[in-house]
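> The structure that follows is given in the form of structure tokens.
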Ligand code: HEM
């Protein structure tokens, strides 16, 4: 009797298990790619969360790259309430940037844009339209022009020299954490460029910028369920962003109040000087909040992007001793024992520039660019795309497309020798700064902020991993956020 019951229990369990499997198989096939002739391919989806489960446990740009290899370089994903089109090849990117750049020129409304972007009145989050055109013009002509970038040269040189002294002070042969030093250096360059010589709240300001960069990255529940306002409160993100925003806003208010009592000379204007001058001009109609939104943008868009590029460049060079030796030899030969490096000394150093290009290919700081949204329904390459669909450019996948790049996963700076590619590939195969109308307006400043610190770090010191670890033991794991940074801090031993 006991054995009969046992057998019955077993068969009941297996029936339930079988029924569950059958249910999931049927479900999977019924909800599989609803690809009709006019809809994009997509993986199987679940109710409510859509395709989110395909990305769980992955680093998003890598997870998306794997999905694209199965479902195509133009695929659809339902992320909660949001319909997204993922672009993962140079060919698809080219078609969109050349034909649909304006259609997809908008940024979607996000919690970060609302709180940190002063109701989307900065540049990064501003919807495509007249206001964005105005602030973008200010950015390219007045804040980030070649002349303006050059005007910060001496402060870049001073701050880099301070960095060299700081590393030397910690002693030859002792491990240091260049990650920390590099972010501090870039933040200080920005603080001085934005506000003039040091503000008393510098430390608090940069800590909050860093905090904000952490909060604004990734795929947050609030952004994939925009209509479920209660989730924005439940996740605690609204409260955290508001708190950071208030602190930054207070600091900028203080700086602006102090600024009003002094008159800045036009020759050496800081970013704030320029913005306050334009605010009072007849040409632009900026409010005090608009000025603050743009200042915050400069910090968030400009600090982590450059700092993380320097860190990845050093990491790749440690991992590739051949390239490290080549770039150090080039620097040391050109500088010939000179103590302080001036930007003119390194401008023509070709291998250093190849190293930076290759680093940006393998580690674009914003691997998914910034989200875009279409402002009308559109037919894209024969597929019907609904109004408000979001566009995700997987630049990480594009920059490693094996059809365009030989040994795509390997760090080979020489691949850019004799190539005309500068900040963007002619065939859209290299997009670290994006492309089209919303392309990064800060590439010249960003590259200047990478070049000189990197040259100093490589010229003045030789670097090794701690505890005699061999070069191939360096941890290259990534952490996804607004920018993709190293998961572990870079701990290295300098000798000089
Ligand atoms: C290595 C350094 C940098 C990299 C790799 C980089 C990359 C990018 C990328 C990929 C985008 C998004 C483009 C798109 O959505 O199509 C972007 C946007 C932007 N970047 Fe940069 N960036 C860098 C430095 C800077 C600097 C130094 C600034 C200014 C201080 C800056 C300001 C901006 C702004 C304002 C936007 C938004 C543009 C818009 O929406 O119209 N960036 N950047």
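> May I ask for log10 I(q)/I(0) of the range 326-480 at q = 0.09 Å⁻¹, from a Debye sum over the Cα atoms as equal point scatterers with solvent left out?
-0.40
> Which whole-angstrom value gives the distance between the alpha carbon centres of the range 64-93 and the range 386-429?
Measuring centre to centre over Cα atoms gives 16 Å.
> Size of the range 148-228 along its principal axes in angstrom, Cα-based, largest extent first?
53, 36, 24
> Among 352-362, 105-115, how do they line up from the highest to the lowest mean number of other beta-carbon atoms within 10 Å? Don't jump to the answer; show the numbers that get you there.
Details: 352-362: 22.5, 105-115: 20.4.
Ranking, from highest mean packing down: 352-362, 105-115.
> Tell me, Kirkwood radius of the range 297-355 from alpha-carbon pair distances, in Å?
Working: mean 1/r = 0.0773 Å⁻¹.
This gives a value of 12.9 Å.
> Once fully extended, how much extra length lies between residue 279 and residue 230, figured as 0.36 nm per residue of separation less the alpha-carbon to alpha-carbon distance?
Values: separation 49, 0.36 × 49 = 17.64 nm, distance 3.70 nm.
Full-extension gain reported as 13.9 nm.
> Something else about it: Rounding to the nearest 10 and keeping the result within 0 to 90°, find how far the Cα-based axis of helix 443-460 lies from the longest principal axis of the chain.
With both axes taken from Cα atoms, the answer is about 70 degrees.
> Follow-up. Could you please tell me the mean projected area of the C-alpha convex hull for the range 254-383, averaged over all directions and given in square nanometres to one decimal? If you can, show how the numbers build up before the last one.
Values: hull surface 58.4 nm².
Orientation-averaged projected area of the Cα hull: 14.6 nm².
> With no solvent and one point per C-alpha, what does the Debye sum give as log10 I(q)/I(0) for the range 68-160 at q = 0.12, 0.25 Å⁻¹?
Calculated log10 I(q)/I(0) at the listed q: -0.63, -1.18.
> Please state the relative contact order of the chain as a whole percent: Cα pairs under 8 Å, 6+ residues apart?
Working: 681 pairs, mean separation 116.1, N = 496.
Once divided by the residue count of the chain, the mean separation gives 23 percent.
> How far apart, in nanometres, would the label points at residue 476 and residue 161 be if each is projected 7 angstrom from Cα along the Cα-to-Cβ direction?
3.7 nm
> Angle between the Cα long axis of helix 60-71 and the longest principal axis of the chain, 0 to 90 degrees, nearest 10?
Roughly 50 degrees between the two axes.
> Still on this structure, I have one more. Distance between Cα centroids, the range 231-250 to the range 454-488: provide it in whole Å.
Result: 32 Å between the Cα centres.
> What nm distance separates the two modelled labels at residue 410 and residue 489, each placed 7 Å from Cα along Cα→Cβ?
Reported label-point gap for residue 410 and residue 489 is 3.4 nm.
> Let me ask another. If each residue's Cβ is checked for other Cβ atoms within 10 Å, how do 454, 368 rank with the fewest at the top?
Values: 454 26, 368 21.
In order of increasing Cβ crowding within 10 Å: 368, 454.
> So if I average 1/r over every pair of distinct C-alpha atoms in the chain and take the inverse, what Kirkwood radius in Å does that give? Write out the running numbers ahead of the final one.
Details: mean 1/r = 0.0406 Å⁻¹.
Value: 24.6 Å, from the Cα pair sum.
Taken together, the values in this text are just the output of simple stated rules run on the coordinates, not laboratory data. Note that the structure is a prediction, hence the values are computed from the model and not measured. Backbone-built Cβ (ideal geometry, glycine too); neighbour counts: all protein chains shown.
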